[in-house]
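Structure record follows, encoded as structure tokens.
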Amino acid sequence: MSRWQRVRTSAHLFIVGVRRRMVLGTRAVLLDGDRVLLLRHTYMPGWHFPGGGVEPGETAEEAARREAEEETGLRVEGPMRLLGLYLQKHEATNRDHVAVYVGRNFREVKPFQANGEIAEIGWFAMDALPEGMNPGTARRIAEIASGTEDLPGLW
């Protein structure tokens, strides 16, 4: 690809992204047997999976790994399985897509400390989840627990 083609392609993709206002995020479902790791943010209610936005040049799986480590201190090792790609609908937008990955192998690389973004983390049995669950997070856990995780749906 010539330099001019790269510039044109980059400009086109930027303009399309701005016009369509598409957002791609990722979540990491960390499982330890029948327990799932959840966290509470400082800026929004409910318990959630670790996750965040996919950065330029990063795959969704790489972003899930990075976010899990940044937010919890746990580094996912080995393969992660794509649970699904979901449309997260809320008042602000209907263009927020979330790629959800499941990791079962991880190790602590730094102890968790509450900070300006993450208030707390915790391990919960899938049949004894905490009060105030994010509805999308609760649906994904129910799908995993029941073995119906391959069903498509909304976040």
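The values are calculated or read from the model by the stated rules, or taken from the named source; none is laboratory data. Values in this document were obtained by computation on a predicted structure and should not be read as measured data. Cβ sites come from the backbone with ideal geometry, for glycine too, and all protein chains shown count toward neighbours. In case anyone asks, the SASA skips ligands and DNA or RNA and just uses the protein heavy atoms, side chains included. Shrake-Rupley method; radii C 1.70, N 1.55, O 1.52, S 1.80 Å.
Numerical summary
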{"read-out": "Rounded accessible area of V7 (nearest 10 Å², 1.4 Å probe)", "value": "80 Å²"}
{"read-out": "Rounded accessible area per residue of the stretch 22-146, 1.4 Å, Å²", "value": "51 Å²"}
{"read-out": "Dimensionless Rg over Rh [the stretch 22-146; C-alpha; Kirkwood]", "value": "0.93"}
{"read-out": "Charge sum, other residues only, whose C-beta stays under 12 Å from D127's C-beta, Lys/Arg counted +1 and Asp/Glu -1", "value": "0"}
{"read-out": "Theoretical gain in end-to-end length, V23 to R104 [0.36 nm per residue, Cα-Cα removed]", "value": "26.5 nm"}
